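The values are calculated or read from the model by the stated rules, or taken from the named source; none is laboratory data. Remember, predicted model here, so these are calculated numbers, not experimental data. Every residue, glycine as well, gets a Cβ built from its backbone with ideal geometry; the counts of neighbours run over all protein chains shown.
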Amino acid sequence: MVKSMTGYGRATETLNKRSITVEVKSVNHRFLDCTVKTPRAYIFLDDPIKKVVSACISRGKTDVFVTVDNSEAENVNVRINESLLRGYMDVFAKLKDEYGIRDDVSVTNIVRIPDMMNVEKQDDDIDELTADVITVLNAALEGHSEMRIKEGEKLAEDILGRLQLLEDMAGQVEVRSPKRVEEYREKLEARMREVLESAMIEPQRILTEAAIFADKVAVDEETVRLRSHIAQFRDMISGGGAIGRKLDFLVQELNREVNTIGSKSNDVEMTSIVVDMKSEIEKIREQVQNIE
């Protein structure tokens, strides 16, 4: 199947109490240019993400956006500063025993003592987080791929239609070319009669001049190659895959053959056909620029 380089995919999942969102968007580009945008603390995700993206996408300017909300994750430990607590408890006991101060110490009083409670944030499990992000990334890439396939189908349909028009015009060129030779022969004979008036005209001379002209304006080789390129175009589109660069090369070959036909055109009708052919090739080229 043919895929466009333009696409968008988004996925959100909650894994291991983390809410992970991944967005993938791409536009046409000569090569794969992948940019990963993650929170600064998760920069270690860049390489694994690029590796997965490169396995799914061969061409295109691709941006991957990752957000991670781990507010619900159990990644905080609260510890009591036991040495500090023992010191305070010894002082409380001394105040009670030696000074007769009432013992009304409560847990609430204790936790309000500065530095009594240590709050420690656990580091994320890198392997676990990476695996979770890749899971969500794959889901986003599926949506991204579906959009690219739909767009690719439209591109392929448009290109195939234009290839048919191009092939039809090649047929018009093939029909017109022999007529130009006959018209040239008739004009040549008329001119020679006008110049020589009553003198005898050598038929062989006219045939020779017509043959030379026919050789100069013959486009058989060009139209044969043109049809061959069109056939290759159709085969590649039918086969699918990452064919954008190959199609781009074939567009250049199509243009080369039509330019040669144009250089051999010396009448209004042929020139008009060539102009239309070049117009269709340019439209095909524009569409090919969006194919992976």
Does A55 qualify as being under 30 Å from Q287 (Cβ atoms), in the same structural domain as L15 (by TED's automatic domain parsing), loosely packed, with under 10 Cβ neighbours inside 10 Å and at pLDDT 80 or above?
yes
For the subset of region 1-52 comprising residues that are modelled with pLDDT of 95 or more and among the small types (G, A, S), which member is farthest from A140 (Cα to Cα)?
S4
Answer yes or no: is there a residue in region 30-46 that is part of a helix (DSSP H, G or I), charged (D, E, K, R) and surrounded by fewer than 10 Cβ atoms within 10 Å (Cβ to Cβ).
yes
One residue is enough: does region 257-266 have a residue meeting the conditions farther than 22 Å from G171 by Cβ and in a helix (DSSP H, G or I)?
no
Would you say A190 is at pLDDT below 95, more than 24 Å from S263 (Cα to Cα), in a helix (DSSP H, G or I) and outside the structural domain of V27 (by TED's automatic domain parsing)?
yes
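Results for (1) surrounded by fewer than 17 Cβ atoms within 10 Å (Cβ to Cβ); (2) over 25 Å from I57 (Cβ atoms); (3) touching a Pro at 6+ places or on another chain (Cβ under 9 Å); (4) not assigned by TED's automatic domain parsing to the domain that holds Q164, shown as yes or no for each residue.
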position: G240; (1), (2), (3), (4): yes, no, no, no
position: L247; (1), (2), (3), (4): no, no, no, no
position: E253; (1), (2), (3), (4): yes, yes, no, no
position: E257; (1), (2), (3), (4): no, yes, no, no
position: S263; (1), (2), (3), (4): yes, yes, no, no
position: V274; (1), (2), (3), (4): no, yes, no, no
position: M277; (1), (2), (3), (4): no, yes, no, no
position: I281; (1), (2), (3), (4): no, yes, no, no
Name the residue, out of E128, E120, that is of a type outside the set (S, T, N, Q), modelled with pLDDT under 95, part of a strand (DSSP E or B) and more than 23 Å from the chain's Cα centre (by Cα).
E120
Long-range neighbours under 9 Å by Cβ, at least six apart or interchain, first residue at positive phi and of a type outside the set (S, T, N, Q) within region 38-66, second outside any strand (DSSP E or B) and surrounded by 12 or more Cβ atoms within 10 Å (Cβ to Cβ):
G60/M5; G60/T6; G60/N28; G60/H29; G60/R148; G60/E292
Pull out all pairs, ordered by first then second residue, where Cβ-Cβ is under 8 Å, the residues are six or more apart or on different chains, the first lies in region 77-103 and is without any contact (Cβ under 8 Å) to a residue 40 or more places away in the chain, and the second is assigned to a helix (DSSP H, G or I).
L85/I110; Y88/I110; I101/L95; R102/K96; D103/F92; D103/K96
